[in-house]
Amino acid sequence: MTNENNFRETSETGLSRRAFMTAAAFTTATVGSMTLGGLSTPARAAGKDPQSLKLAAALGWTAFDSGTHMLNGYKDAVAAMGGDLTISDAGFDPNKQSQQIDAHIANRPDALFITPADVVAITPAIKRATDAGIPVFVGDSLSIGPAFTNTVMSNQFGMGEYTMDYIAAQLGGKGKVATVRLPANETWDLRSHGMRASLARHKDLEHVADWAFAFNGGSTPRQAVDNILTANPDIDAIWCAWDGAAVEGALAVRAAGKQDQVIITGIDGGKQAFEYIKAGTSLKLTMGQSLYEVSWLNVFYAHQFLAGQPVPRIVISPVYPVGVEQLKDIDIPDDFDKPGRAQELGWTRAL
């Protein structure tokens, strides 16, 4: 477990708390009524100076662009709003994350932030936290069961549907497609459900191959796409549930000499995927999630809740479709998911 304490430096966003919420009001959709999240404000937090709040983050991962952006969002928000933050990183291991959550519970934080490696597997640990009276704020996922206080997440189903709709449009509604899924996390698997809903509407898209990634499996996305291309030399498109697979798939397509034949889509958004899109590889579109804003809002709502204010149970954060049109004539942005930045770039929210 890594301690990240006393974040007092100026936030990288340059936004005050008031200015941030003004921007968030235009970019964020809330679902359901405003509540206190099913929990009363912990007595130990009542009346506390925000600077003295004891906060903890049990992160399912900090690797890749997605993990880095969420980590930075938590750090910057605590720096701007106050508190001491302790961070743990499970490295996509739900068993390790459950143990880390228990360690945080033992330290009795005023609020606990969680990005689930596997939301179903860590549900008992989340319940142990809420049973201990610790308000839980979930990022990038929806916890089923325990009375979490707030979750901020992307429209996962919508992202999967949007990218397959894009493939259908690029192929004129007809062609052979393969899919690379990410079923290990129930929330991430919603992307595949969206993809299937799109396929059900586009009857002339032939689903010729499907591969499900497993963190403890023996194959990488690159190997899977290599095999897909060998078995289906006339394939037209590959839908990928996340950018890591899309980037590896683009490398496989280039190695096979099919860069002008195959379309690939991804989901997440970040500098690496943007570079591949702008360079003209087979990766043509990704869904840019506002992951920095996800974690920032978690911290904001924790401060609101601990101050006795109502907070929304579920918040849907912005997602931007990013293709070559969004990237032309600009430097590759690594800050698009900070509040207001996508609008400065001229990007339009899709979900």
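The values are calculated or read from the model by the stated rules, or taken from the named source; none is laboratory data. What you see is a predicted model, and the numbers here were worked out from it, not measured in a lab. We place every Cβ from the backbone using ideal geometry, glycine too, and count neighbours over all the protein chains shown. Remember, those area values only see protein heavy atoms, side chains included, never the ligands or the DNA or RNA. Shrake-Rupley method; radii C 1.70, N 1.55, O 1.52, S 1.80 Å.
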Among the residues of segment 92-109, how many are open to solvent by less than 50 Å² (accessible area, probe 1.4 Å) and either closer than 18 Å to Pro124 by Cβ or modelled with pLDDT under 95 (or both)? 9
Cβ pairs under 7 Å, 6+ apart, first in segment 209-238 and more than 14 Å from Arg254 (Cα to Cα), second among the acidic types (Asp, Glu): Thr220/Glu248; Pro221/Glu248
Pairs, please: C-beta under 8 Å, at least 6 apart or cross-chain, first residue open to solvent by 20 Å² or more (accessible area, probe 1.4 Å) and in segment 117-132, second among the small types (Gly, Ala, Ser)? Asp118/Gly60; Asp118/Ala184; Ala121/Ser98; Thr123/Ser143; Thr123/Gly145; Pro124/Ser98; Lys127/Gly145
Would you mind telling me which numbered condition in (1) touching a Pro at 6+ places or on another chain (Cβ under 9 Å); (2) not in a strand (DSSP E or B) Tyr276 fails? (1)
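Out of all the residues in segment 317-326, which are out of contact with any helix residue (DSSP H, G or I) (no Cβ under 8 Å at 6 or more places or on another chain) and surrounded by 21 or more Cβ atoms within 10 Å (Cβ to Cβ)?
Scanning segment 317-326 gives a single hit, Gln326.
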Can you tell me which of (1) part of a loop (DSSP other than H, G, I, E, B); (2) under 27 Å from Val120 (Cβ atoms); (3) basic (Lys, Arg) is the one Lys203 doesn't meet? (2)
Looking at this structure, is Val247 modelled with pLDDT of 95 or more and buried (at least 22 other Cβ atoms within 10 Å of the Cβ)? yes
Quick check on Arg313: is it surrounded by fewer than 24 Cβ atoms within 10 Å (Cβ to Cβ), more than 23 Å from Ala342 (Cα to Cα) and under 18 Å from the mean Cα position of the chain (by Cα)? yes
In segment 250-266, what residues are over 16 Å from Gly160 (Cβ atoms), touching a helix residue (DSSP H, G or I) at 6+ places or on another chain (Cβ under 9 Å) and touching a residue at least 24 places away in the same chain (Cβ under 8 Å)? Ala250, Leu251, Ala252, Val253, Ala255, Ala256, Lys258, Gln261, Val262
Members of segment 203-212 found to be surrounded by fewer than 18 Cβ atoms within 10 Å (Cβ to Cβ) and over 15 Å from Arg181 (Cα atoms), listed by number: Lys203, Asp204, Glu206
Among Thr265, Thr187, Thr163, Thr179, the single one that is surrounded by 19 or more Cβ atoms within 10 Å (Cβ to Cβ), of a type in the set (Val, Ile, Thr) and at pLDDT below 95 is Thr187
Give me a count of the residues in segment 151-160 that are out of contact with any Lys or Arg (no Cβ under 9 Å at 6 or more places or on another chain) and either open to solvent by 10 Å² or more (accessible area, probe 1.4 Å) or charged (D, E, K, R) (or both). 2
Inside segment 213-229, the number of residues satisfying the requirement of being under 30 Å from Gly173 (Cβ atoms), open to solvent by 40 Å² or more (accessible area, probe 1.4 Å) and of a type outside the set (Asp, Glu) is 2
Go through segment 318-334 residue by residue and tally those that are in a loop (DSSP other than H, G, I, E, B) and at pLDDT 95 or above. 2
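Okay, residues lined up against (1) of a type in the set (Val, Ile, Thr); (2) out of contact with any strand residue (DSSP E or B) (no Cβ under 7 Å at 6 or more places or on another chain); (3) on the phi < 0 side of the Ramachandran plot:
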| position | (1), (2), (3) |
| --- | --- |
| Ala178 | no, no, yes |
| Ala200 | no, yes, yes |
| Gly249 | no, no, yes |
| Gln259 | no, yes, yes |
| Val262 | yes, no, yes |
Among Asp334, Asp329, which is the only one that is open to solvent by 20 Å² or more (accessible area, probe 1.4 Å), charged (D, E, K, R), touching a residue at least 60 places away in the same chain (Cβ under 8 Å) and farther than 19 Å from Phe157 by Cα? Asp334
Residue ID - nearest to the chain's Cα centre (by Cα), chosen from residues in segment 69-84 that are closer than 18 Å to Asn107 by Cβ and buried (at least 23 other Cβ atoms within 10 Å of the Cβ): Tyr74
